[in-house]
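Participant: Below is a structure I'd like to ask you about.
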Amino acid sequence: MLKTPVITLDMLINHQDVGSCAYFDVRDPGRLTDLVGRVASGSVDHVHQAVLGAHQAFQIWKRTPVSERVQRLLAAADGMEKIADELSVTLVREQGMLLKETQRDVKNGIRALREMAGLAEDFLRPERFEDDEAIVRIEKTPRGVVAAIVPWNAPMGLAMGKVGPALVSGNTIVVKPSEYAPLAVSMALKVLASFFPAGTINVIHGQADVGSALTRHPLVRKISFTGGTTTGKAVMAAAAETIKNISLELGGNDPAIILDDADPAIVVPELIKGIFPRSGQVCYAIKRVYVPRKLTSAIFDAIVSAVDQYKIGYGLDPRANFAPMNNRHQYTIVRGLIERSRQAGASVHALGTKLEPDNWDNGFYVQPTVVMGLPPDAELVVSEQFGPVIPLVTYDTPEEVLELANATEFGLASSIWTNDPERGLAMASEIEAGITFVNSHGRTALGDKHMPFGGVKQSGIGRVRTAIGLAEYIEHHAISMKKVTNGDRL
Ligand code: NAD
């Protein structure tokens with residue numbers, strides 16, 4: 001078989017490729033023996049160069065008319081679309097997901113850019129008020145250099161969800177991709193950067209120390225971070241040093257509550273679409289399922305038989321509909337949770353078919369696993385597993401299940417499953433979360449257009465998507481001019 005060449009990736013500062021004295025390896029999570037890329041490992045000095053470049057570019061970009069920013073962003077989105085196939089395949093090889101999942105991530109990234117281009121002109125128009133004495137103008141101004149820190153699980157959608165609103169509102173940006181999926185997103189950012197003046201988009205690479213230096217740099221005015229809650233706390237502490245604005249999209253422990261009037265045959269096929277995409281490595285995936293006692297065995301049987309249909313294999317194998325996990329750290333956490341659930345006496349069901357049993361240990365493969373019989377306070381139920389294992393927890397009353405669902409420091413997504421719309425909506429309003437779905441666990445086309453995304457409590461601060469998300473990237477500059485002559489204008 002023809003070997004694909006190893007990608008060498010530098011940083012991008014001021015339109016220049018910037019190398020380093022050290023490079024780190026990116027291996028294929030579904031074929032660990034394959035080296036996919038070697039990536040320049042940044043230093044604190046590189047962070048400084050990138051932020052300085054972005055700061056200088058900001059002096060010009062902030063004065064660029066909104067209409068020109070919009071045109072450039074749209075052209076950049078078209079440029080990214082032209083290499084969508086290459087990006088999707090590279091993403092499979094570094095991130096491990098199925099090709100159709102990485103294609104969706106690339107599409108989401110392009111859509112995020114276009115969405116913000118579409119909102120900008122109306123949203124950024126200043127407000128104006130006037131009476132006999134004065135004129136007041138409220139300008140929506142950019143903040144300055146934005147530090148965008150991205151995780152590995154959906155790097156395209158998440159990175160572009162920061163680049164789009166940041167740039168269209170006049171900020172410049174330094175992106176730090178995850179060390180576990182830096183290649184495709186950097187290839188996309190390099191194409192995008194070519195549509196903007198030098199320094200508008202910069203990319204640096206590295207581990208936590210590089211991310212930390214970026215969050216501490218005094219010229220960074222806003223941090224847009226997506227990742228784990230523990231890292232989010234470190235980011236928030238770093239931001240406090242110079243009072244930077246922050247948006248945090250963090251972890252979740254998202255409950256699905258099945259009510260006792262639900263029909264298992266209708267619920268289960270939709271429910272598993274909310275649990276297992278990207279092998280459970282989705283921030284807002286269902287992390288725990290609450291089942292009413294009278295439906296427990298019907299729901300359990302239906303889930304097991306549906307999940308057992310998965311074919312687990314390599315992301316580029318067209319037969320596979322279930323992919324490996326992304327990295328050893330997350331793989332070890334998930335395997336530990338499964339093992340400890342077994343030791344605690346739960347009934348643990350590892351399902352699906354292994355397409356390449358001989359390659360199983362050459363990747364971070366984990367079978368989709370359903371766990372029954374854990375108490376509500378078990379480790380697997382109360383933590384964010386971020387992987388292909390799901391606990392089913394039995395409950396008796398609606399009051400009890402509501403209390404269990406809300407007894408967490410997380411509050412990202414959630415879902416209610418019922419035949420009774422009134423009951424579903426009433427319970428949805430009682431859930432402490434940024435997002436609640438009824439009878440699905442994912443956005444419809446309407447939700448895609450109108451739902452801001454984000455979490456409450458320790459799942460985050462702020463929202464992405466829609467005009468509410470765009471607002472995170474601006475300041476309000478209020479200007480009042482007292483009239484001295486009749487012809488005053490503002
Ligand atoms: P992570 O927190 O380990 O890393 C995220 C990014 O932060 C990486 O680029 C990493 O290099 C960087 N980083 C690490 N330490 C840092 C520090 N001290 N300062 C600054 N940057 C630092 O998260 P991960 O493992 O890449 O991603 C998985 C987590 O992300 C899960 O908890 C998941 O729920 C969460 N997530 C949340 C959302 C959301 O929208 N709420 C979306 C996707 C993922």
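The values are calculated or read from the model by the stated rules, or taken from the named source; none is laboratory data. Predicted, not measured: the structure shown is a model, and the values here were computed from it. A quick note on method: Cβ atoms are made from the backbone with ideal geometry, for glycine too, and the neighbour counts reach across all protein chains shown. Surface accessibility is based on the protein's heavy atoms, side chains included, excluding ligands, DNA and RNA. Shrake-Rupley method; radii C 1.70, N 1.55, O 1.52, S 1.80 Å.
Participant: Tell me, please, whether a residue that is farther than 25 Å from residue 123 by Cα, open to solvent by less than 10 Å² (accessible area, probe 1.4 Å), assigned to a strand (DSSP E or B) and not assigned by TED's automatic domain parsing to the domain that holds residue 320 can be found in region 20-31. Quick ask: steps written out before the conclusion?
Facilitator: Narrowing region 20-31 to residues farther than 25 Å from residue 123 by Cα: 20-31.
Those left that are additionally open to solvent by less than 10 Å² (accessible area, probe 1.4 Å): 26, 28-30.
Among the residues that remain, those that are also assigned to a strand (DSSP E or B) are: 26, 28.
Retained after the next criterion (residues that are not assigned by TED's automatic domain parsing to the domain that holds residue 320): 26, 28.
The answer is yes, given that some residue of region 20-31 is farther than 25 Å from residue 123 by Cα, open to solvent by less than 10 Å² (accessible area, probe 1.4 Å), assigned to a strand (DSSP E or B) and not assigned by TED's automatic domain parsing to the domain that holds residue 320.
Participant: Is it the case that residue 432 is among the acidic types (Asp, Glu) and assigned to a loop (DSSP other than H, G, I, E, B)?
Facilitator: yes
Participant: Taking the conditions exactly as written (in contact with a Lys or Arg (Cβ under 9 Å, 6 or more places away or on another chain) and assigned by TED's automatic domain parsing to the domain that holds residue 219), does residue 108 satisfy them or not?
Facilitator: no
Participant: If you take the residues in region 171-212 that are over 18 Å from residue 17 (Cβ atoms) and buried (at least 24 other Cβ atoms within 10 Å of the Cβ), which one is nearest to the ligand (Cβ to nearest atom)?
Facilitator: It comes out as 211.
Participant: Mind listing just one residue for me: the one in region 237-261 that is part of a loop (DSSP other than H, G, I, E, B) and within 13 Å of the ligand (Cβ to nearest atom) and, of those, nearest to residue 461 (Cα to Cα)?
Facilitator: Restricting attention to region 237-261, the residues satisfying the condition of being part of a loop (DSSP other than H, G, I, E, B) are 242-244, 250-254, 259-261.
Pick out the ones that are also within 13 Å of the ligand (Cβ to nearest atom) and you get 244, 250-254.
On the way: 244: 13, 250: 8, 251: 11, 252: 13, 253: 16, 254: 17 Å.
Result: 250.
Okay, residues lined up against (1) open to solvent by 20 Å² or more (accessible area, probe 1.4 Å); (2) more than 16 Å from the ligand (Cβ to nearest atom); (3) hydroxyl-bearing (Ser, Thr, Tyr):
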| site | (1), (2), (3) |
| --- | --- |
| 291 | no, yes, no |
| 298 | yes, yes, no |
| 304 | yes, yes, no |
| 312 | no, yes, no |
| 327 | no, no, no |
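Participant: Can you name the residue in region 392-431 that is closer than 16 Å to residue 456 by Cβ and of a type in the set (Asp, Glu) and, of all such residues, is surrounded by the fewest Cβ atoms within 10 Å (Cβ to Cβ)?
Facilitator: Restricting attention to region 392-431, the residues satisfying the condition of being closer than 16 Å to residue 456 by Cβ are 402, 405-415, 428-431.
Keeping just the survivors that are of a type in the set (Asp, Glu) gives 409, 430.
On the way: 409: 11, 430: 13.
My answer is 409.
Participant: Tell me, please, whether a residue that is surrounded by fewer than 24 Cβ atoms within 10 Å (Cβ to Cβ) and more than 16 Å from the ligand (Cβ to nearest atom) can be found in region 144-164.
Facilitator: Checking region 144-164: at least one residue is surrounded by fewer than 24 Cβ atoms within 10 Å (Cβ to Cβ) and more than 16 Å from the ligand (Cβ to nearest atom).
Participant: Determine which single condition residue 63 fails, assuming it passes every other condition in (1) over 17 Å from the mean Cα position of the chain (by Cα); (2) surrounded by 23 or more Cβ atoms within 10 Å (Cβ to Cβ).
Facilitator: (2)
Participant: Here is a follow-up. Taking the condition of being closer than 23 Å to residue 110 by Cα and acidic (Asp, Glu), how many residues in region 182-235 meet it?
Facilitator: 0
Participant: Look at residue 442 and say whether it is open to solvent by less than 50 Å² (accessible area, probe 1.4 Å) and not assigned by TED's automatic domain parsing to the domain that holds residue 171.
Facilitator: In short, yes.
Participant: So, in region 271-316, exactly how many residues are under 24 Å from residue 152 (Cα atoms) and assigned to a strand (DSSP E or B)?
Facilitator: 3
Participant: Going through region 217-236 one residue at a time, which ones are more than 9 Å from the ligand (Cβ to nearest atom) and open to solvent by less than 70 Å² (accessible area, probe 1.4 Å)?
Facilitator: Matches in region 217-236: 217, 219, 220, 222, 224.
Participant: Which residues, taken from region 314-325, are more than 16 Å from the ligand (Cβ to nearest atom), open to solvent by less than 60 Å² (accessible area, probe 1.4 Å) and not aliphatic (A, V, I, L, M)?
Facilitator: If the condition is that a residue be more than 16 Å from the ligand (Cβ to nearest atom), open to solvent by less than 60 Å² (accessible area, probe 1.4 Å) and not aliphatic (A, V, I, L, M), then 314, 315, 317, 322 are the ones that fit.
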